[in-house]
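The values are calculated or read from the model by the stated rules, or taken from the named source; none is laboratory data. Note that the structure is a prediction, hence the values are computed from the model and not measured. Don't worry about glycine lacking a Cβ; one is built from the backbone with ideal geometry, like all the others, and counts go over all protein chains shown. Keep in mind that these areas ignore ligands, DNA and RNA; they rest on the heavy atoms of the full protein, side chains included. Shrake-Rupley method; radii C 1.70, N 1.55, O 1.52, S 1.80 Å.
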Amino acid sequence: MPKEITILTPAGAKRNRIDLFLARDRPELGLSRTRIQDLIRQGLITINGKPTRIHQKLSGRETLQITIPEIRPLNLLPSDTPIRILYEDADLIVVDKSAGMVVHPAPGNWEGTLVNALLHHCKDLSGIGGVERPGIVHRLDKDTSGVMVAVKNDQAHHALSAQIKARNIRKIYLAVVRGEMKKDSGSIEAPIGRHDRLRKKMTIHLRRGREAITFYEVQERFAGYTLVQIRLKTGRTHQIRVHFSHVHHPVIGDPVYGGKHFQHIRHDQREMVVKRQMLHSRLLGFMHPRTGEYMEFEAEIPPDMQEVIGFLRGRV
């Protein structure tokens, strides 16, 4: 059934836009500004019984009537796919995504994705934009493992998206790259844009690229390889993979940016075939969208990456 809400605006709300007032001053509604504007367009928010406009300003002491339609089901099948949950509450869920799992359904991957698994697991989705679905506020590539967060409602989606836009999310990655990096720490600053011909590939684009900044610290050097810890200031598509390929230290196992021999690594005349890119989202930190409390989550290095590191140490 649709939900009906009646609000009497205070005198102090005078000259406030209706969408700003409801999103900012009535957070208990759990409605993002975008969702409020959508309801206004549908004629589901009235002022003193009359339809309103997105840009309409309040006079104070008027009656707002809000109709929130019943949440619509997402046209995807839930999937009982195992997922490792690091934390969950009524607003969000933090998972340790396994390598090989696609985050969001797309042509060729309609089932078995993280979204399908969350639809099966989460029984308390209040919906994003009126649709019963988990909100994916950031993504990991299919073959990148590690920690990521999804949200359950509009309010959490809006709050975490704002933190990402303001670059207030802490993201730490680990990667095994080809070659021995000379500096113990440093940064890579090169704008990233879509490749001119290969539309699924990103590249360094000095004229049309968007700002991209990656900080790194060497954790361990091997014979011909380096284990690096990476902190992102920006979050461009394929940023780590593009940046380290750009400085001639591609992530091993990367079929797109890893070079001709991306799968093969060598140590003491022995060879190992790497089955996926050795990139892992180790840590994620953010402010909780409802409480404002800082939260931080860490995902252990997965077994396949531990095996590669052990091989380069001469222990496998």
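Which residue pairs have Cβ atoms closer than 6 Å, lie 6 or more positions apart in sequence or on different chains, and pair a first residue in segment 137-150 that is touching a residue at least 40 places away in the same chain (Cβ under 8 Å) and under 12 Å from G235 (Cα atoms) with a second residue that is open to solvent by less than 10 Å² (accessible area, probe 1.4 Å) and assigned to a strand (DSSP E or B)?
Final answer for the pair search is L140/K97; L140/M148; L140/S281.
Is at least one residue of segment 188-195 exposed (fewer than 14 other Cβ atoms within 10 Å of the Cβ), modelled with pLDDT of 90 or more and within 25 Å of the chain's Cα centre (by Cα)?
Looking for residues that are exposed (fewer than 14 other Cβ atoms within 10 Å of the Cβ), modelled with pLDDT of 90 or more and within 25 Å of the chain's Cα centre (by Cα), one finds at least one in segment 188-195, hence yes.
How many of the residues in segment 280-293 are among the polar types (S, T, N, Q) and assigned to a loop (DSSP other than H, G, I, E, B)? Outline the logic, then answer.
We begin by selecting, within segment 280-293, every residue among the polar types (S, T, N, Q); these are 281, 291.
Subsequent filtering for residues that are assigned to a loop (DSSP other than H, G, I, E, B) retains 291.
So the count comes out to 1.
Looking only at segment 181-196, how many residues end up being charged (D, E, K, R) and either in a strand (DSSP E or B) or closer than 23 Å to T237 by Cβ (or both)? Full working, then the answer.
Let us first name the residues in segment 181-196 that are charged (D, E, K, R), namely 182-184, 189, 194, 196.
Now drop any that are not either in a strand (DSSP E or B) or closer than 23 Å to T237 by Cβ (or both), which leaves 189, 194, 196.
Residues in segment 181-196 being charged (D, E, K, R) and either in a strand (DSSP E or B) or closer than 23 Å to T237 by Cβ (or both): 3 in total.
When you go through Q306, Q277 one by one, which is the residue that is outside any strand (DSSP E or B) and over 23 Å from the mean Cα position of the chain (by Cα)?
Numbers: Q277 fails: over 23 Å from the mean Cα position of the chain (by Cα).
Unique residue meeting the criteria: Q306.
Quick one: is G112 open to solvent by less than 70 Å² (accessible area, probe 1.4 Å), at positive phi and at pLDDT 90 or above? Give the derivation first.
Working: open to solvent by less than 70 Å² (accessible area, probe 1.4 Å): yes; at positive phi: yes; at pLDDT 90 or above: no.
Criteria not met by G112.
Any idea which residue in segment 161-187 is surrounded by the most Cβ atoms within 10 Å (Cβ to Cβ), counting only those that are in contact with a His (Cβ under 8 Å, 6 or more places away or on another chain) and over 30 Å from I265 (Cα atoms)?
I169
Out of the residues in segment 1-16 that are outside any loop (DSSP other than H, G, I, E, B) and either aromatic (F, W, Y) or open to solvent by less than 50 Å² (accessible area, probe 1.4 Å) (or both), state the one that is nearest to A90 (Cα to Cα).
Residues of segment 1-16 outside any loop (DSSP other than H, G, I, E, B): 3-8, 11-13.
With either aromatic (F, W, Y) or open to solvent by less than 50 Å² (accessible area, probe 1.4 Å) (or both) added as a condition, the list becomes 5, 7, 13.
On the way: I5: 21, I7: 24, A13: 30 Å.
Taking the candidates together, the pick is I5.
Identify, please: which residue in segment 221-264 is more than 26 Å from the chain's Cα centre (by Cα) and in contact (Cβ under 8 Å) with a residue 60 or more places away in the chain and is, among those, farthest from R139 (Cα to Cα)?
Checked segment 221-264; the qualifying residue farthest from R139 (Cα to Cα) is A223.
Take L198 and tell me if it is modelled with pLDDT under 95 and open to solvent by 50 Å² or more (accessible area, probe 1.4 Å). It would help to see each step written out before you state the result.
On the way: modelled with pLDDT under 95: yes; open to solvent by 50 Å² or more (accessible area, probe 1.4 Å): yes.
Considered against the rule, which asks whether it is modelled with pLDDT under 95 and open to solvent by 50 Å² or more (accessible area, probe 1.4 Å), L198 comes out as yes.
If I go through segment 184-205 residue by residue, how many of them are farther than 25 Å from E220 by Cα and of a type outside the set (A, V, I, L, M, F, W, C)?
Step one: of segment 184-205, the residues farther than 25 Å from E220 by Cα are 191-205.
Keeping just the survivors that are of a type outside the set (A, V, I, L, M, F, W, C) gives 191, 193-197, 199-201, 203, 205.
So the answer is 11.
When the residues of segment 275-311 are filtered to those that are at pLDDT below 95 and open to solvent by less than 80 Å² (accessible area, probe 1.4 Å), which remaining residue is farthest from I164 (Cα to Cα)? Steps first, please.
Within segment 275-311, the first condition is being at pLDDT below 95, and the residues that meet it are 275, 289-292.
Imposing the further condition that a residue be open to solvent by less than 80 Å² (accessible area, probe 1.4 Å) reduces the set to 289, 292.
Values: P289: 12, G292: 15 Å.
That would be G292.
I'm told V273 meets every condition in (1) farther than 30 Å from E88 by Cα; (2) of a type outside the set (K, R); (3) touching a residue at least 12 places away in the same chain (Cβ under 8 Å) except one. Can you identify the failing condition by its number?
(3)
Would you be able to say whether some residue in segment 204-215 is touching a residue at least 40 places away in the same chain (Cβ under 8 Å), open to solvent by 70 Å² or more (accessible area, probe 1.4 Å) and out of contact with any Gly (no Cβ under 9 Å at 6 or more places or on another chain)? First the steps, then the outcome.
The initial filter retains those residues of segment 204-215 that are touching a residue at least 40 places away in the same chain (Cβ under 8 Å), namely 204.
Restricting the remaining residues to those that are open to solvent by 70 Å² or more (accessible area, probe 1.4 Å) gives none.
No, there is no match, as no residue in segment 204-215 is touching a residue at least 40 places away in the same chain (Cβ under 8 Å), open to solvent by 70 Å² or more (accessible area, probe 1.4 Å) and out of contact with any Gly (no Cβ under 9 Å at 6 or more places or on another chain).
Those residues that are more than 28 Å from H264 (Cα to Cα) and basic (K, R), I need them from segment 188-220; list them, please.
R207, R208, R210
Among the residues of segment 221-237, is there at least one that is touching a Phe, Trp or Tyr at 6+ places or on another chain (Cβ under 8 Å), of a type in the set (D, E, K, R) and open to solvent by less than 20 Å² (accessible area, probe 1.4 Å)? Show your work before the answer.
So in segment 221-237, the residues touching a Phe, Trp or Tyr at 6+ places or on another chain (Cβ under 8 Å) come out as 228-233.
Still in the running and of a type in the set (D, E, K, R): 231, 233.
Retained after the next criterion (residues that are open to solvent by less than 20 Å² (accessible area, probe 1.4 Å)): none.
No: segment 221-237 contains no residue that is touching a Phe, Trp or Tyr at 6+ places or on another chain (Cβ under 8 Å), of a type in the set (D, E, K, R) and open to solvent by less than 20 Å² (accessible area, probe 1.4 Å).
Tell me which residues, restricted to segment 20-68, are closer than 21 Å to D91 by Cβ, touching a Lys or Arg at 6+ places or on another chain (Cβ under 9 Å) and either assigned to a loop (DSSP other than H, G, I, E, B) or of a type in the set (G, A, S) (or both).
Across segment 20-68, the qualifying residue is only A23.
Quick check on M148: is it assigned to a loop (DSSP other than H, G, I, E, B), of a type outside the set (D, E) and open to solvent by less than 20 Å² (accessible area, probe 1.4 Å)?
Details: assigned to a loop (DSSP other than H, G, I, E, B): no; of a type outside the set (D, E): yes; open to solvent by less than 20 Å² (accessible area, probe 1.4 Å): yes.
Answer is no for this residue.
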